[in-house]
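Nothing in this text is a laboratory measurement; each read-out follows from the coordinates by a stated rule. Computed from a predicted structure; not experimentally measured. Reconstructed Cβ throughout: ideal geometry from the backbone, glycine too, with neighbour counts over all protein chains shown.
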């Protein structure tokens, strides 16, 4: 029986247990290999996942940086646009204010000029209403006094022998004696021969004026009214 058992054990060991053990060992090796490959795949997957996470973090950081940069650019552009808009509004307001001030100044000047013209016209009408030959003569006498006091030194460029062109303008035709007096006064003032031309201008109202080249000696009532108008406009300005 022992011999049979030993024979049976040998047979089982040789033909059953050894092949089974070999098969189990091979299977264990395959399982180990599969497990190793699975672990390697897992490690590779973890590495890929970590790399992906790192790239995603980098992308998120880049996106955040781009958003921040875009926000800065937008804010800067908005501020610049607002500043330009404010400056344009201020320029328009200043331009409108300047135009308003200019229009106001023009209106004031026109108003003052109209008032001056009205004052001069009313004064002229009043004087014309009371103008008499005696008043005309008084203005001529005053003009002669004004003419006698004129200093013409250095204001006439002709030589002592050359006649000086003189234009005498009067408000009314002069009587011969009045023209003689004015001519004599002019000869005394100029101290040179005269080439005298005379004419009548009723716009002078009363008195006379003399033109010697660029020099004008105005002794007319019209000239006095113009001075009054100018002084009035300056005073109300």
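Details
- When you work out D = kT/(6 pi eta Rh) for the stretch 177-237 at 20 °C and 1.002 mPa s, using the Kirkwood radius from C-alpha pairs as Rh and the Stokes-Einstein form, the result is 159 µm²/s.
- A protection proxy built from the mean count of other Cβ atoms within 10 Å ranks the segments 193-206, 215-228, most packed first, as 215-228, 193-206.
- P(r) tail for the stretch 132-236: Cα pairs beyond 23 Å make up 29% of the total.
- Stretching residue 145 away from residue 68 to a fully extended chain increases their span by 18.6 nm, per 0.36 nm per residue minus the current alpha-carbon distance.
- Annotation: extensible slack from residue 39 through residue 53 equals 3.0 nm (criterion: 0.36 nm per residue apart, minus Cα-Cα distance).
- Taking packing as the residue-averaged number of other Cβ atoms within 10 angstrom, the listed peptides 29-37, 133-141 run from highest to lowest as 133-141, 29-37.
- In the stretch 22-100, the alpha-carbon atoms span a convex hull of 41 Å³ per residue.
- In this simple spin-label model, placing a label point 7 Å from the Cα along the Cα-to-Cβ direction at both residue 234 and residue 27 gives a separation of 13.2 nm.
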